[in-house]
Amino acid sequence: SIILIKKVDYQKGWDALIADGKKTAEIAELLQEGDELIKLDKLPEATTKFNEVIKKDPANAEAKKQLDIIKGLVAAKTSQTKDAQELIKLRSNADKFIVKKQYSDAILELNKALKLSIPANDKSKIETDIADLKLKIKGLDIEKQLADELKMAKKFDELKEYSKSTKNYTKIAELLELLDPKNKEIQKQLVNKQLDESLGKALK
């Protein structure tokens, strides 16, 4: 009877050992499958695998760590989605300001976009757009100076004080060189028109 009891105890221990080995193998397989699913960006499926591990082994540190990582990835994705939507909104606002030639307001909107969590290529494009807008602001300032100089030159031409208006036209020539080619051509046409009128009066 003692031998039989020991045999039963031994069999129970052996069965438990086999069961533990089987459970260990299943857990290792689930952990590996979960890791692969994370790499494939299949986060819900990966979560299921790691939760199965927790059911088999509530104290499993690896499964808990991976579940925390998944939570972080999900949160990051949610944030990126919100930021992507916000980027579209800010871009739209900036475009509306650009149409109205309110370049400073457009820059403010684009600067807000730079603070979002967005891809590097999007940030680079925004920085380029901001630089272009700053050039446009500079161009507007130059155009204002040109308009003022043309006004003064016209006044001196009408008074036949051509030596004074010559200084204005010299300044205008210098300002024209600061503009981009497209704006420069437009402004040159305005200057040439005024010169034609002034020269015509002077010749008469």
Reference-scaled alpha-carbon Rg (2.2 N^0.38 Å with N residues) for the range 93-147:
1.23
When the Kirkwood radius is taken over all Cα pairs of the range 123-165, what Stokes-Einstein diffusion coefficient follows at 20 °C and 1.002 mPa s, in µm²/s?
173 µm²/s
Using every alpha carbon pair in the range 83-204, what percent of pairs falls into each 10 Å bin from 0 up to the bin containing the largest distance?
13, 32, 21, 16, 12, 5, 1
Heavy atoms only, 1.4 Å probe, whole protein assembly: order Leu135, Leu116, Leu203 by accessible area, highest first.
Leu203, Leu135, Leu116
Please calculate the 1.4 Å probe accessible area of Ser79, with all protein chains present, and give it to the nearest 10 Å².
50 Å²
Taking only the alpha-carbon atoms of the chain, what semi-axes of the equivalent ellipsoid follow from 5 times the gyration tensor eigenvalues under a square root, in whole Å, largest first?
83, 11, 10
Shape category assigned to the range 138-195 from the gyration tensor of Cα positions, a/c cut at 1.5:
prolate
Filter the cross-link list Lys155/Lys201; Lys101/Lys167; Lys112/Lys144; Lys100/Lys171 down to pairs whose alpha-carbon distance in this structure exceeds 21 Å.
Lys101/Lys167; Lys112/Lys144; Lys100/Lys171
What does the helix-only formula give at 222 nm for the chain: each DSSP H stretch with n ≥ 4 adding -39500 (n - 2.57), the total divided by the residues, and the result rounded to the nearest 500 deg cm²/dmol?
-31500 deg cm²/dmol
For Asp141 and Tyr162 in the same chain, what is the full-extension length gain: residue separation times 0.36 nm, less their Cα-Cα distance, in nm?
5.0 nm
When the gyration tensor of the range 38-109 is built from Cα positions, what are the square roots of 5 times its three eigenvalues, in whole Å, from largest to smallest?
45, 10, 6
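What is the calculated FRET efficiency for Gln32 to Glu86, with r their C-beta to C-beta distance and R₀ = 41 Å, to the nearest 0.05?
Efficiency for this residue pair is about 0.60.
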For Lys42, the lysines lying under 21 Å Cα to Cα, once residues fewer than eight places off in the same chain are dropped, come out as Lys55, Lys64, Lys65, Lys71, Lys77, Lys82
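The values are calculated or read from the model by the stated rules, or taken from the named source; none is laboratory data. Since this is a predicted model, take the numbers as computed values, not measurements. Note that we place each Cβ from the backbone using ideal geometry, even for glycine, and neighbour counts take in every protein chain shown. When the accessible area is computed, the model is the full protein with side chains, heavy atoms only, and any ligands, DNA or RNA have been set aside. Shrake-Rupley method; radii C 1.70, N 1.55, O 1.52, S 1.80 Å.
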